[in-house]
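S.K.: First, the structure itself, so that you have it in front of you.
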There are 2 protein chains.
Amino acid sequence: MIESVESTPSRPSRPGPAPRSEVSLRDVARLAGVSPSTVSRVVSGSDHPVSAESRARVLDAAQRLRFRPNRVARALATARTQTIGVIVHDAADPYFAQIIRGLEDVAGEHDHALFVASSDRDPETELACVRAFLSHQVDAIVLAASGIDQPEHLADLAQLFDLFIARGGHVVSLSEHPYPSPGIRFDNHGVAVMATQHLIDLGHERISFLAGPNELFVSKVRLDGYRSALSSAGIPFDSNLVFDGYFSLEGGRAASRRVVESDVTGIVAANDLTAIGAIRGLAERGVRVPDDISVIGINDITFADYAPVPLTTVHVALTELGRMGARLVMTLLQDGHTDSGVMPHWLIQRQSTAPPPIRRDVSVDGLLPPD
Amino acid sequence: MIESVESTPSRPSRPGPAPRSEVSLRDVARLAGVSPSTVSRVVSGSDHPVSAESRARVLDAAQRLRFRPNRVARALATARTQTIGVIVHDAADPYFAQIIRGLEDVAGEHDHALFVASSDRDPETELACVRAFLSHQVDAIVLAASGIDQPEHLADLAQLFDLFIARGGHVVSLSEHPYPSPGIRFDNHGVAVMATQHLIDLGHERISFLAGPNELFVSKVRLDGYRSALSSAGIPFDSNLVFDGYFSLEGGRAASRRVVESDVTGIVAANDLTAIGAIRGLAERGVRVPDDISVIGINDITFADYAPVPLTTVHVALTELGRMGARLVMTLLQDGHTDSGVMPHWLIQRQSTAPPPIRRDVSVDGLLPPD
DNA sequence: CTGTTAGCGCCTTCAG
DNA sequence: CTGAAGGCGCTAACAG
């Protein structure tokens, strides 16, 4: 609480202010023989009229001096830092890494810089990230990370965002997040339905779901999609077939151990990482994919095609999601015009799914009959 | 040239400065009944003495008002933004994503924010990234990306860095880069030697190398390591066994097509991505790994253990590299004390390497004898 | 220990 | 079309 106001935890024994050997507007003005105002007007791209000659002199002087405007000063004057902050769960997770890349590309094209912060799905950390962004006066915050379902936390977050927005900031969401904000979304429910449906279409009936972290909204929505698809097909939902996959390789791998103990023929993983982990885990137990068990993922990260078994999955254009997110931010920053969008998704059939194996009849007491 | 001085390419038709509904130092000062200076002294963690009572009043007022220091203003006054910029080749590449994560973690612990920029290995883009960082007044630039071997470009870069450093900035390198700067390095030569040596130890003699992009220093160094190991073992270097893998999945996959046309029994890939791509490509041609051909990578990215064949590779602690890099930055920022470091590396044996298959005798004219 | 005084570099009314 | 003046929010001497 209190220390949140103080600056560096690590005692800011700053070794005096850094030197200021920068060339400033005044220097350019001097060399060009005009006033600083004029220089400002031309280098900042202002629409204030400036004579062609003055402009030329300024540009020339600026070039000679290799003048670069000090954005910090500009930011203090304009209350715009030309900076965007993105919050992810983990920058090392390929899902987020691809989104970051997309954001960064477009932000860069518009001369904006991108801050990246990982929350590790921890409420406190997430708040800290947001606070840091606010403190750094970012122009917009992009929520690439799904919301965490925890009322008090969401309230705290909302308060911060409200403040941020009141101050002129923008919040954009790229995932399932309860905070009301424009964003680029894709249909997380539909994506899970599509994955599950694919297995159903193939003839599977005992289908397991490897869920994401409980506390995440996106996990719930995807689990819901799985249930919907099952229900539409008249397949009863069996909670014993839902295992935690934690959206991770290790999680999927661990979950697969539980899966092999069941009579499941198909696995819907809440994301590709989990699916790949599961395939790996299955292989370790001598279970063949897709011969014995089919596995389908969600997201189509780059690695999906290079998994132990090339992964059938539901494609979502992640880099493009990031790009569109950044474009949305730029639009908001320019005209304040909201223009949310939706990304399509589609099935990518590779080799990890197939019709279920011929049904092995299970004897009454659960023992396998002789082969 | 000229436009580099002007601001946003996309016409900065800024819709007026953003509102200023922020609580400032003065507000806190007013409420606490002290001067702004006093507030500044306590919230900035200055070592200037402040009475316990004043301090308490300030802290209390700050909390009530939910005061957050405006870092932009602070930055303008101190010439320190508490901001670090990292340049990578591609933020979506797991190698860089892991490093970014490490940097971000430690930077965050020290209340510094991280800018990320991808150069795509393009000189112009790289310069643009650096210029953007300079303009944003970052306190330090971390070069996670290897240097690009192109004299004019390096000269331009060096000029920018010199300027940056003259101004009080710091440049830290995490890879092979000719610009003289402190950094955390790992032995790229040794890493390639180790990989190659492993294959040699296993009995391989016809060993291919899937190189990284020609223009990168790191590529040259790793290729060199491969040659050294070969040479030490008395195996002649054959340039026909070196293929471009471009440090990418697709590159490795494509390169593997060329490899199968040779009589190679082992492949050293310049990085894991290439290795995984190669394994995939080999599999597509019915070549078994490691039975027919062994493949070893370099880096040990998280996915290495989840490759089509769990990848034997040379481990480098990438996240830790990032963490140490950030620590180095913090040290430089605090005492200006240089304290470079070296990361160790070691072999991780998984399943993609094995002794070469029994030598198939090749008849004089190159045709295979009957099995 | 505290407050007052000047800026940091840039933008932006406002006169001219 | 141009320049002078003031201020963005904070810090850093400098007196007291």
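Read the figures in this text as sums done on the coordinates, not as results from a lab. Quick caveat: nothing in here was measured; it's all calculated off a predicted structure. Here the Cβ is made from the backbone with ideal geometry for all residues, glycine too, and neighbour counts use every protein chain on show.
S.K.: Summarise the partner chain shielding of A:66-78 as one whole number: the mean count of Cβ atoms from other chains within 10 Å of each residue's Cβ.
M.R.: Average per residue, whole number: 6.
S.K.: Compute the convex hull volume of the Cα atoms of segment B:159-286, divide it by the residue count, and report the result per residue in Å³ as a whole number.
M.R.: Hull volume over Cα atoms, normalised by residue count, gives 112 Å³.
S.K.: Can you give the % of DSSP beta bridges in segment B:240-371 that are antiparallel, to the nearest 5?
M.R.: Working: 4 of 11 bridges.
Bridges in segment B:240-371 that DSSP calls antiparallel: roughly 35 percent.
S.K.: Pop the C-beta distance of A:L65 and B:Y179 into the FRET formula with R0 = 30 Å and round what comes out to the nearest 0.05.
M.R.: Numbers: r = 23 Å, r/R0 = 0.78.
Efficiency at R0 = 30 Å is approximately 0.80.
S.K.: Okay, helix-only estimate at 222 nm for chain B: each DSSP H run of n ≥ 4 adds -39500 (n - 2.57), divide by all residues, round to 500 deg cm²/dmol; what do you get? Kindly include the intermediate steps, with their values, before the conclusion.
M.R.: Numbers: 12 runs with 155 residues, N = 371.
The helix-only estimate for chain B comes to -13000 deg cm²/dmol at 222 nm.
S.K.: Now a separate question. Relative contact order for chain B: what is it in percent, counting Cα pairs under 8 Å that are at least 6 residues apart? Could you put the intermediate results ahead of the total?
M.R.: On the way: 697 pairs, mean separation 54.0, N = 371.
So the answer I get is 15 percent.
S.K.: Moving on to the next point. Can you figure out the FRET efficiency of B:Q351 with A:S239, using R₀ = 41 Å and their beta-carbon distance, to the nearest 0.05? Write out the running numbers ahead of the final one.
M.R.: Numbers: r = 36 Å, r/R0 = 0.88.
After rounding to 0.05, the efficiency reads 0.70.
S.K.: Give me the orientation-averaged projected area of the Cα convex hull of the protein assembly as shown, in nm², one decimal. Display every interim value, and only then the final one.
M.R.: Numbers: hull surface 150.7 nm².
It is 37.7 nm².
S.K.: For chain B, with a Gaussian network of springs between Cα atoms less than 10 Å apart, report the residue from B:L103, B:L31, B:L347 with the top mean-square fluctuation.
M.R.: B:L31
S.K.: To continue, here is another question. If you take all C-alpha pairs in segment A:180-236, what percent of them are over 16 Å apart? Write down the numbers at each step before the final one.
M.R.: Working: 684 of 1596 pairs.
More than 16 Å apart: 43 percent of the Cα pairs in segment A:180-236.
S.K.: Taking the alpha-carbon centroid of each part, what is the distance from segment B:247-281 to segment B:118-177 in angstrom?
M.R.: Segment B:247-281 and segment B:118-177 have Cα centres spaced 31 Å from each other.
S.K.: Using θ = phi - 60° and the Karplus curve 6.51 cos²θ - 1.76 cosθ + 1.60, what whole-Hz ³J(HN,Hα) does each residue of segment B:219-232 get, with Gly and Pro shown as x?
M.R.: Taking θ as phi minus 60°, the curve returns 5, 4, 5, 5, 4, 4, x, 4, 5, 4, 4, 4, 4, 4 Hz for segment B:219-232.
S.K.: A further question follows. Taking springs between alpha-carbon atoms closer than 10 angstrom, which of B:Q82, B:Q334, B:Q349 fluctuates most in the Gaussian network model of chain B?
M.R.: B:Q334
S.K.: In addition: By DSSP, what percent of the beta bridges with both residues in chain A are antiparallel, rounded to the nearest 5? Provide the component values of the computation, followed by the final result.
M.R.: Values: 5 of 37 bridges.
About 15 percent, rounded to the nearest 5.
S.K.: While we're looking at this one, here's another question. Going by average Cβ neighbours within 10 Å, how do the peptides A:270-283, B:37-50 rank, with the highest at the top? Numbers along the way, then the final one.
M.R.: Working: A:270-283: 28.3, B:37-50: 17.4.
In descending order of packing, they fall as A:270-283, B:37-50.
S.K.: Pairs of alpha-carbon atoms within less than 8 angstrom and 6+ residues apart define the contacts here; what relative contact order does segment B:146-302 have, in percent? Could you put the intermediate results ahead of the total?
M.R.: Values: 282 pairs, mean separation 32.7, N = 157.
Normalised by residue count, the contact order of segment B:146-302 is 21 percent.
S.K.: At A:D156 and B:A56, where each label point lies 7 Å from the Cα along Cα→Cβ, what is the point-to-point distance in nanometres?
M.R.: Label-label distance for A:D156 and B:A56, simple model: 2.6 nm.
S.K.: Which of the three applies to segment B:145-200, rounded, prolate or oblate, going by the alpha-carbon gyration tensor with a ≥ b ≥ c and a/c under 1.5 meaning rounded? Write out the running numbers ahead of the final one.
M.R.: Values: a/c = 5.71, a/b = 2.23, b/c = 2.56.
Cα axes put segment B:145-200 in the oblate bin.
S.K.: Give me the Kirkwood hydrodynamic radius of segment B:221-371 in Å, from all C-alpha pairs, to one decimal place?
M.R.: Details: mean 1/r = 0.0583 Å⁻¹.
It is 17.1 Å.
S.K.: If you don't mind, another one. Given Cα pairs under 8 Å that are at least 6 residues apart, what percent is the relative contact order of segment A:273-332? Walk me through the numbers before you get to the answer.
M.R.: Numbers: 53 pairs, mean separation 17.2, N = 60.
Contact order relative to length: 29 percent.
S.K.: Ok, one more. Tally the DSSP beta bridges in the protein assembly as shown and give the antiparallel ones as a percent, rounded to 5.
M.R.: Just about 15 percent of them are antiparallel.
S.K.: State the Kirkwood hydrodynamic radius of chain A in Å, one decimal place, computed from all pairs of distinct Cα atoms.
M.R.: Numbers: mean 1/r = 0.0426 Å⁻¹.
This gives a value of 23.5 Å.
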